[in-house]
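Here is the structure we will look at.
The values are calculated or read from the model by the stated rules, or taken from the named source; none is laboratory data. Source: prediction; values computed, not measured. A quick note on method: Cβ atoms are made from the backbone with ideal geometry, for glycine too, and the neighbour counts reach across all protein chains shown. Side chains included, ligands, DNA and RNA excluded: accessible areas come from the protein's heavy atoms. Shrake-Rupley method; radii C 1.70, N 1.55, O 1.52, S 1.80 Å.
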Amino acid sequence: MKNKTFWIFSFLTICIISITYGVTRLISPKEKLTKTALECHEIPNTSEPSAFKPTIENKNKPAGKAPKGMVWIPGGEFSMGSNVEDESLCSLSGVTKDAAPIHRVYVDGYYMDETEVTNQEYEKFVKATGYITVAEQKPTKEEFPTAAEEDLITGSVIFTPTSSAVNLNNFLQWWSYVGGADWKHPLGPESSIKGKENYPVVHITYEDAAAYAKWAGKRLPTEAEWEFAARGGKTGEIYAWGNTLKPKGKFQANIYQGHFPIKDGDTGEDGFKGIAPVKQYAPNTYGLYDVAGNVWEWINDWYSVDYYKSLSESGKVTKNPQGPDAYNDPKDPTQIKRVHRGGSFLCTDQYCTRYMVGTRGKGEIRSAANHVGFRCVKSI
């Protein structure tokens, strides 16, 4: 596992999964700590406050009860996107421009899982179908032609804290490809999900999430559906719970506090160091839990950096958008990506604040990590 070809294999995998993070400018550890102490704040810099128009909810409701574990999302017309100017609350410029401009969208009503899919729920699917996730499948020569046969092993990517402060321009410093890591072994082959049945399932690729959704009679949400639901009927607020990160001094989501990505750097001020069980924080106004933080959630839409621009330029309210026809990321054009939403327990005010409700993430469709999961929706 120390030879050159294995490193190439690991390098490629880490590169793919780390695109859920923003790319910040080069900052020395000393400068970073100074900025954190002096400039971090709870309310980010924003522009175009008038771009958000009122949300207009549909009034019709379906007959009967919601499916077990799901809540009704009424749908309607709303302003989608973000006017946040910075990647972090520490005033670091980033990549939030892919969530602009703000534009009007309409979605029909639907049901949505009140939580991210848990280990217990995913285990039921696997036992019923015999499904094998991508992380459990041996990589092929076709995928990694330069790797030696003995280096093509099952596994996934795991967050690995650094021993001291580091420049945040090189994400390879805090990600490792770990053989034997998968949804049943979230921190490597010696770990397990025993006692963690109520935690979000992780190490899930897009196709793993889509397979579960199909089996459950559901589907993955569109990006517009996800954002409408996460906003909870409110207009233009920064977070799913309002415009202040910590109302009355209390965190509302499982995110990272402290100096990222140092070992033991997460202070756990929000109640958790690392991933948390579902339903540990108050739900939003639609009854959805953890639409910010904990784990990133797979979305059905292809990722395209300029998709919002194309919708805005039409000058119309887009009805039930399904995303672009193809993926488009000029910074990484060879990798096939779909959208991630919601941020994770690794999002931090120092580096990645995409737990802000209108911002976006992205992920290569056959890559997994221990901070990526999903939830489903169901049409009526």
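Per residue, the convex hull spanned by the alpha carbons of segment 190-347 comes to 173 Å³.
Summary value for segment 320-371: 35 percent relative contact order, contacts being C-alpha pairs under 8 angstrom separated by 6+ residues.
Heavy-atom accessible surface of segment 277-380, averaged per residue, reaches 34 Å², computed with a 1.4 Å probe. As a length-normalised measure over Cα pairs under 8 Å and 6 or more apart, the relative contact order of segment 157-291 settles at 23 percent. Simple point charges give the picture: +1 on the Cβ of Lys and Arg, -1 on the Cβ of Asp and Glu, and for segment 131-222 a dipole about the Cα centre of about 500 debye. Surface composition of segment 118-184: carbon plus sulfur atoms hold 51% of the accessible area, using a 1.4 angstrom probe and ignoring ligands, DNA and RNA. Solvent-accessible area per residue in segment 90-223 equals 42 Å², computed with a 1.4 angstrom probe and all protein chains kept.
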